[in-house]
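Okay, structure first, notes after.
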Amino acid sequence: MSTDWLPVALVLRVQPTTTTRLVTVRCPICGRQHVHGWPYGLDTIGSRVPHCVGRNVPTGAPGSYFIPTPTENPTR
Ligand SMILES: [Zn+2]
């Protein structure tokens, strides 16, 4: 499946926790920050549904965005 058409979110930071990594991104759709879980054992993050979809987003906005794999990649 191609994700070339998806808007790309800017990764602001990656925080390791005991159970997962938390990735904070700048949303390309609403401009606010969203946090997504990035489980240990997954090499890439990929596309996610932003938390703003369904609220306060323009009609016709894409329903998901792509999160590029950050160079900062903490482990447990
Ligand atoms: Zn958003």
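The values are calculated or read from the model by the stated rules, or taken from the named source; none is laboratory data. Quick caveat, the model's predicted, so the values are computed rather than measured. Every residue, glycine among them, receives a Cβ derived from its backbone with ideal geometry; neighbour counts consider all protein chains shown.
For the range 53-73, which positions are at pLDDT below 85, more than 25 Å from Thr18 (Cβ to Cβ) and either near the ligand (Cβ under 10 Å from one of its atoms) or of a type in the set (Asp, Glu) (or both)? Before you say what the answer is, go through the steps one by one.
Of the residues in the range 53-73, the ones at pLDDT below 85 are 53-63, 71-73.
Adding the requirement that they be more than 25 Å from Thr18 (Cβ to Cβ) leaves 53-63.
The answer is Val53, Arg55, Asn56, Val57, Ala61.
Within the range 12-45, which residues are among the β-branched types (Val, Ile, Thr) and either touching a residue at least 24 places away in the same chain (Cβ under 8 Å) or more than 16 Å from the ligand (Cβ to nearest atom) (or both)? Don't jump to the end; show me each part of the working.
Pass one, the range 12-45, residues among the β-branched types (Val, Ile, Thr): 14, 17-20, 23-25, 29, 35, 44-45.
Answer for the range 12-45, where residues must be among the β-branched types (Val, Ile, Thr) and either touching a residue at least 24 places away in the same chain (Cβ under 8 Å) or more than 16 Å from the ligand (Cβ to nearest atom) (or both): Val14, Thr17, Thr18, Thr19, Thr20, Val23, Val25, Ile29, Thr44, Ile45.
Look at Arg13 and say whether it is more than 21 Å from Pro62 (Cα to Cα), out of contact with any Phe, Trp or Tyr (no Cβ under 8 Å at 6 or more places or on another chain) and either basic (Lys, Arg) or surrounded by 13 or more Cβ atoms within 10 Å (Cβ to Cβ) (or both). First the steps, then the outcome.
Working: more than 21 Å from Pro62 (Cα to Cα): yes; out of contact with any Phe, Trp or Tyr (no Cβ under 8 Å at 6 or more places or on another chain): yes; either basic (Lys, Arg) or surrounded by 13 or more Cβ atoms within 10 Å (Cβ to Cβ) (or both): yes.
Yes: the conditions hold for Arg13.
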